[in-house]
Amino acid sequence: MATQLNPSSSTTTLISPSSFNQQSVKSISTKSRLVFKTQSNFNQKKQFELKSSNGSPLNAVSLHDVSSNMNESVLSSIKPLRRLFLISCYHCLLAFRVGAAEKPLAKETVVLPEETKTNLSVTVVGASGDLAKKKIFPALFALFYEGCLPQNFTIFGYARTKMTDEELREMISRTLTCRIDKRENCGDKMEEFLERCFYHSGQYGSEENFAELDTKLKQKEGGKLSNRLFYLSIPPDIFVDVVRCASERASSKTGWTRVIVEKPFGRDSESSGELTRSLKKYLAEEQIFRIDHYLGKELVENLSVLRFSNLVFEPLWSRNYIRSVQFIFSEDFGTEGRGGYFNNYGIIRDIMQNHLLQILALFAMETPVSLDAEDIRNEKVKVLRSMRQLKLEDVVVGQYKGHSKGGKTFLGYTEDPTVPNDSITPTFAAAALFIDNARWDGVPFLMKAGKALNTRRAEIRVQFRHVPGNLYKRNFGTDMDKATNELVLRVQPNEAIFLKINNKIPGLGMRLDRSDLNLLYSMRYPKEIPDAYERLLLDAIEGERRLFIRSDELDAAWSIFTPLLKELESNKIAPELYPYGSRGPVGAHYLAAKYNARWGDLAGDD
């Protein structure tokens with residue numbers, strides 16, 4: 001039996017199922033379309049238009065329209081089953097509408113449990129060392145001061161030195177500085193930052209000590225989702241021990257765990273490969289952040305912007321217009337107590353194989369598909385794999401000796417108490433490198449790096465070719481190098497970009513002068529430039545790998561220098577001596593001249 005409802009009465013009428021047959025069902029189906037069409041015409045002025053997801057209008061009828069026009073004449077024209085269906089729907093909708101009016105729906109609010117909030121824990125391993133004190137802790141404070149760290153963060157120092165939390169804070173506070181343009185609340189910010197800093201003493205190879213660190217980290221994290229970053233500011237021979245202990249005893253169980261590894265990444269291809277394989281026993285490649293702080297320098301970051309976003313430069317960026325490219329690094333001081341470390345590596349491993357070679361790869365790479373980290377690193381690897389292995393005839397090595405100047409005596413390298421008297425470790429090196437591809441074939445990439453030189457600087461110098469058939473060559477005399485255009489990117493100090501051009505000196509005669517189109521950062525951008533470690537730490541926290549070195553990139557870099565290093569050491573090549581505070585060995589000038597170039601930093605006009 002089916003039940004028939006009458007909207008004007010509380011009585012019900014029973015309908016026999018036998019009264020329905022196949023023909024009646026077909027008739028009801030046909031009539032239903034007519035009924036809906038009829039009802040859609042009720043009270044046209046009260047209709048409203050709805051839009052579907054594709055933008056088409058949908059006509060709908062309000063509940064009020066149905067109730068006010070549900071009269072007997074209409075109902076009588078509807079077959080019993082359809083009539084039953086419509087009346088049932090009407091009563092259900094009416095009941096829902098009344099109930100909704102009496103009890104409006106409460107707004108749904110989602111409250112996240114406390115433990116789902118994230119916490120960042122940064123552990124500086126080797127916290128008592130110079131790098132941690134002078135660079136890492138100040139960089140973390142700068143990020144906090146600029147509001148770049150998450151709300152919940154904790155910083156731990158870990159080292160073998162016995163120290164309390166307060167002693168760590170006292171040590172850190174001596175090197176913290178505030179941004180020039182935000183000094184009004186500097187003291188309060190320092191106090192707030194130092195309250196988040198803690199210390200745990202332990203051995204680098206002790207799983208028990210790292211388990212104790214894990215317990216302290218969990219206490220500070222308070223049950224929140226934990227992300228942990230370990231910064232290894234330690235000698236490379238204990239990297240693997242620390243990574244093993246941290247991975248097995250102090251890694252995050254709920255969030256990510258990342259490890260920043262400082263250079264040097266081995267001494268040659270074999271030791272670098274062994275280090276990578278050992279680290280990957282405990283970490284995935286995406287967890288390893290090999291840091292080269294020179295990639296975080298402002299001018300190095302600006303290198304790709306200058307090239308790829310300025311139409312004037314990209315067409316010139318090839319062998320057709322560029323005669324040579326120079327990467328120059330010089331320091332005006334010696335080893336100064338770091339002789340023990342430096343003597344094991346030398347200037348080639350310390351500066352050229354990483355800092356300068358990384359900048360070269362960024363300079364020479366093809367346009368990447370995007371700014372994604374993997375796309376950029378793919379192009380850098382292509383450049384490194386296209387480079388020739390260095391040969392001894394394309395390299396000059398030197399070592400500074402003692403010198404007296406202005407009544408002051410400067411000790412030579414082997415006179416440093418931390419250096420063996422018979423050491424032949426180079427403190428200076430110059431090299432000519434070549435990239436065997438279509439863009440750079442035949443262009444010498446000259447590198448020069450040294451300690452105890454006459455000035456402190458790091459820069460990229462792009463020397464363009466001479467103007468063919470120069471109309472003004474008589475004004476320059478026989479030295480056409482004076483007429484060479486040169487683009488200079490000064491990485492440090494006094495960051496700047498300038499382009500050397502030729503122009504006429506005002507006056508009645510025709511005298512030419514070499515002038516600079518100069519962008520001096522300190523004048524154009526008065527705000528203090530962030531330190532490279534700030535940018536790299538922030539990238540590691542955010543998982544941005546663009547400025548960190550991938551394992552295959554590292555392999556390609558070592559393959560260029562390893563044969564040279566083995567030849568220098570096996571044949572015990574003696575370095576050329578140069579006085580402390582000079583411009584370096586004379587042999588470097590002959591090397592540049594061999595490839596029809598002149599070191600740009602020796603002109604003295606910038």
Kindly indicate which of 277, 338, 258, 290 is over 24 Å from residue 498 (Cα atoms), free of Cβ contacts under 8 Å to residues at least 24 places away in the same chain and among the charged types (D, E, K, R). 277
Residues of the stretch 140-161 that turn out to be under 23 Å from residue 251 (Cα atoms), hydrophobic (A, V, I, L, M, F, W, C) and crowded, with 23+ Cβ neighbours inside 10 Å, as a count: 3
Of all residues in the stretch 511-544, which are modelled with pLDDT under 85, more than 13 Å from residue 138 (Cβ to Cβ) and either part of a loop (DSSP other than H, G, I, E, B) or open to solvent by less than 50 Å² (accessible area, probe 1.4 Å) (or both)? 511, 512, 515, 521, 525, 526, 527, 529
Tell me, yes or no, whether the stretch 532-542 has at least one residue that is in contact with a Gly (Cβ under 8 Å, 6 or more places away or on another chain), of a type in the set (Ser, Thr, Tyr) and not assigned by TED's automatic domain parsing to the domain that holds residue 258. yes
Residue selected from the stretch 318-334 under the condition among the aromatic types (Phe, Trp, Tyr) and in a strand (DSSP E or B), by the criterion nearest to residue 303 (Cα to Cα): 327
Restricting to the stretch 220-253, name every residue that is part of a helix (DSSP H, G or I) and open to solvent by 60 Å² or more (accessible area, probe 1.4 Å). 220, 237, 241, 248, 249
Just to be sure before I move on: is residue 432 surrounded by fewer than 24 Cβ atoms within 10 Å (Cβ to Cβ) and at pLDDT 95 or above in the structure I sent? yes
May I ask you to verify whether residue 487 is in the same structural domain as residue 465 (by TED's automatic domain parsing) and open to solvent by less than 20 Å² (accessible area, probe 1.4 Å)? yes
Every pair of residues 6+ apart whose Cβ atoms lie under 9 Å, when the first sits in the stretch 517-543 and is in contact (Cβ under 8 Å) with a residue 40 or more places away in the chain while the second is among the hydroxyl-bearing types (Ser, Thr, Tyr) and open to solvent by less than 40 Å² (accessible area, probe 1.4 Å): 529/521; 532/294; 537/231; 540/231
Only one of 257, 276 is open to solvent by less than 20 Å² (accessible area, probe 1.4 Å), in the same structural domain as residue 158 (by TED's automatic domain parsing) and not hydrophobic (A, V, I, L, M, F, W, C), namely 257
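Quick grid of which residues meet (1) more than 24 Å from the chain's Cα centre (by Cα); (2) within 21 Å of residue 217 (Cα to Cα); (3) small (Gly, Ala, Ser):
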site: 137; (1), (2), (3): no, yes, no
site: 143; (1), (2), (3): no, yes, no
site: 147; (1), (2), (3): no, no, yes
site: 153; (1), (2), (3): no, yes, no
site: 158; (1), (2), (3): yes, yes, no
site: 165; (1), (2), (3): yes, yes, no
Looking at the structure I just gave you, is residue 438 modelled with pLDDT of 90 or more and touching a strand residue (DSSP E or B) at 6+ places or on another chain (Cβ under 8 Å)? no
Restrict the check to the stretch 583-595 and report whether at least one residue is part of a helix (DSSP H, G or I), closer than 22 Å to residue 276 by Cβ and open to solvent by 30 Å² or more (accessible area, probe 1.4 Å). no
By residue number, the members of the stretch 162-178 that are surrounded by 15 or more Cβ atoms within 10 Å (Cβ to Cβ) and over 14 Å from residue 140 (Cα atoms) are 163, 165, 168, 171
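The values are calculated or read from the model by the stated rules, or taken from the named source; none is laboratory data. What you are looking at is a predicted structure, and each value in this text was computed from that prediction instead of being measured. Cβ atoms come from the backbone with ideal geometry, glycine included; neighbour counts cover every protein chain shown. All accessible areas refer to the heavy atoms of the entire protein, side chains included, with ligands and DNA or RNA removed. Shrake-Rupley method; radii C 1.70, N 1.55, O 1.52, S 1.80 Å.
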